[in-house]
Amino acid sequence: MDNLHIKESDLASFAGLAFVIPLLVSTIKLLFRKLVEGREPLICFVLTYAIGCTAKKTIPGAFGGVGWLTLLVSLLIVAGLAAQVHDFAINKVFRGKDDSPPNVPPPAPPGGDGGAR
């Protein structure tokens with residue numbers, strides 16, 4: 001375990017969770033696209049709470065000095081951040097997928113020539 005670049009203590013920090021959760025959601029989405037499509041924020045929420053609470057309970061010193069209530073509120077913020085990181089970084093930057101509507105010019109006014117006679 002000492003030679004690994006990623007340590008278990010990375011999952012015991014809010015920044016570590018905000019980094020790992022979008023990667024896990026993308027991996028799950030690759031495996032189960034039809035089940036996951038459109039549910040990424042919910043999956044981020046569930047994974048963040050599952051991993052965060054498990055880390056607090058099982059890893060010694062995880063989220064040191066943070067009580068359970070503060071942890072649960074903070075995990076809600078981390079879940080929102082992880083969902084945004086997934087939407088921006090994973091979808092737009094790495095996959096080049098943009099879900100925003102195309103930039104369409106407004107329709108021309110009636111009359112066709114703009115009123116000039």
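Against the test of being closer than 17 Å to D87 by Cβ and of a type in the set (S, T, N, Q), the options T48, T70 yield a single qualifying residue, T48. Listed by first and then second residue, the pairs with beta-carbon distance under 9 Å, at least 6 apart or on different chains, first residue in the range 24-45 and in contact (Cβ under 8 Å) with a residue 60 or more places away in the chain and closer than 19 Å to L81 by Cα, second crowded, with 18+ Cβ neighbours inside 10 Å and charged (D, E, K, R), are V25/E40; S26/E40. Take the conditions (1) more than 14 Å from the chain's Cα centre (by Cα); (2) surrounded by fewer than 13 Cβ atoms within 10 Å (Cβ to Cβ); (3) not in a helix (DSSP H, G or I); G38 misses just one of them, which is (1). Scanning the range 45-65 for residues that are of a type outside the set (S, T, Y), touching a helix residue (DSSP H, G or I) at 6+ places or on another chain (Cβ under 7 Å) and at pLDDT 90 or above gives F45, L47, I51, G52. Scanning the range 62-71 for residues that are surrounded by 12 or more Cβ atoms within 10 Å (Cβ to Cβ) and either assigned to a helix (DSSP H, G or I) or in contact (Cβ under 8 Å) with a residue 60 or more places away in the chain (or both) returns a single hit, L71.
Just one of (1) in a helix (DSSP H, G or I); (2) small (G, A, S); (3) at pLDDT below 85 fails for S74. It is (3).
When you look at V20, is it outside any loop (DSSP other than H, G, I, E, B), surrounded by 12 or more Cβ atoms within 10 Å (Cβ to Cβ), modelled with pLDDT under 85 and not charged (D, E, K, R), yes or no? No. Every residue in the range 45-61 that is under 23 Å from I28 (Cβ atoms) and not in a helix (DSSP H, G or I), please. Listed by number, the list holds a single entry, I59.
The values are calculated or read from the model by the stated rules, or taken from the named source; none is laboratory data. It should be emphasised that the depicted structure is a prediction, and the values quoted were computed from it without experimental measurement. Neighbour counts are summed over all protein chains in view; Cβ atoms, including those assigned to glycine, are modelled from backbone coordinates with ideal geometry.
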